[in-house]
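The values are calculated or read from the model by the stated rules, or taken from the named source; none is laboratory data. Since the structure is predicted, the reported quantities are computational estimates derived from the model, not experimental observations. FYI the Cβ positions are ideal-geometry reconstructions off the backbone, even for glycines, and counts take in every protein chain you see.
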Amino acid sequence: MMAHKKSSTTDIALRVATAMKQMGIDGLPRNYELVYEAYAGCNPDLVRDFIALGKYKTQAALDELGRKYLPHHHEAGVLQRSAGAISNEMANFMDLLSQERTSLSDYGRLIGEASQVIRDAGSLGEGALGSSLEALQRATELRVTHTAEMAEKVAAQSAVMDGIQKEMAEFEAMKFIDPPTKLGNRRAFNKALARVYANPDLPMLCGVAIAEVDAERRFSPGQIEALSDHLVTFYGGLIRQAFPAGELAVRFDGLRFGFVFHTADAGEVTRLIDLLRAAFQTVALRDPRTGRNLGRLTLSAGVCMTESADSALDLSAACERALAEARSAGGDQIVVYGRGDEVPAGKEWLIYRPA
């Protein structure tokens, strides 16, 4: 089974390499990430579409999936298409300006001729003056019509440019979004950690947590597999609603999530996670098929503050170790990774248990 079995990163990587060889898929970086995402089961829609390609998958079919689910690998194509559209619109706009210049030149000429006729009105007679004024009136009416058409064309071009801008903004956002939950994805998390340590000598003061829903405390492996998609969307949506605005929440895979808190206070971090855990206890999970109440699941979390880690890798690893400690202790708790004098001799962990 591809999508829902829990396995280590090493196991998945081995399966991906083997699968790519069996299916004759070229070892391109974009292919590897696509197959990895499919076998990890992070995105059920991707899994379904990947399976639908059949046993032997062409590069064109893989790239089509990549453009849909991993757009960052096809950025050049999107940029090229957008650049071409912008170039066409600029050419159209320059053509409009050229037409406008010609129209203004013709109108200016008519005004000049009419002015000359008015100055010579005494010698030319009323007939010539009337004809000149009629010509000027017609030219003015044409000018008004042309100006209205010009405004419509410019408005249409502005709409096209707005569409291109929106497409680029959506493309940029999709690189960092987890489709099933609408939270951030691992790339968004990695990007945030990179910003934290942009200046290695003076990292940003913040707290990071990695959490996992304690599904196995309530369900058997078979039940978890059957409910996997629903659990992901349900708890992903709950986190999206309950998590503080302005902070980063992402989904890694399965029921594992990451959080970045812009505070140097570990107590504040645990308080915010407790609020999230309280939301888990408030909202009941229901069977998507029958509507039956399935109870309430708990959340375990591992926390590390930037002051306790020297790099993004250390910070992430410390959170993983703290989470493993929380889960091995039975789950439904928060473990804060500690270092130095605050850690009792022979210990590496500060276990925070809510009152």
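Picking from residues in region 316-325 that are of a type outside the set (Asp, Glu) and under 16 Å from MET305 (Cβ atoms), the one that is nearest to the chain's Cα centre (by Cα) is SER316.
Take region 286-307 and flag every residue that is part of a strand (DSSP E or B) and exposed (fewer than 12 other Cβ atoms within 10 Å of the Cβ). Correct list: ASN293, GLY295.
For region 242-274, the candidate set comprises residues that are part of a helix (DSSP H, G or I) and without any contact (Cβ under 8 Å) to a residue 12 or more places away in the chain; within that set, the residue that is farthest from GLY207 (Cα to Cα) is ARG271.
Looking across region 56-66, the residues that are in a helix (DSSP H, G or I) and surrounded by fewer than 16 Cβ atoms within 10 Å (Cβ to Cβ) come down to GLN59, ALA60, ALA61, GLU64. Here GLY254 meets the list (1) at pLDDT 90 or above; (2) surrounded by 15 or more Cβ atoms within 10 Å (Cβ to Cβ) almost entirely, failing just condition (1).
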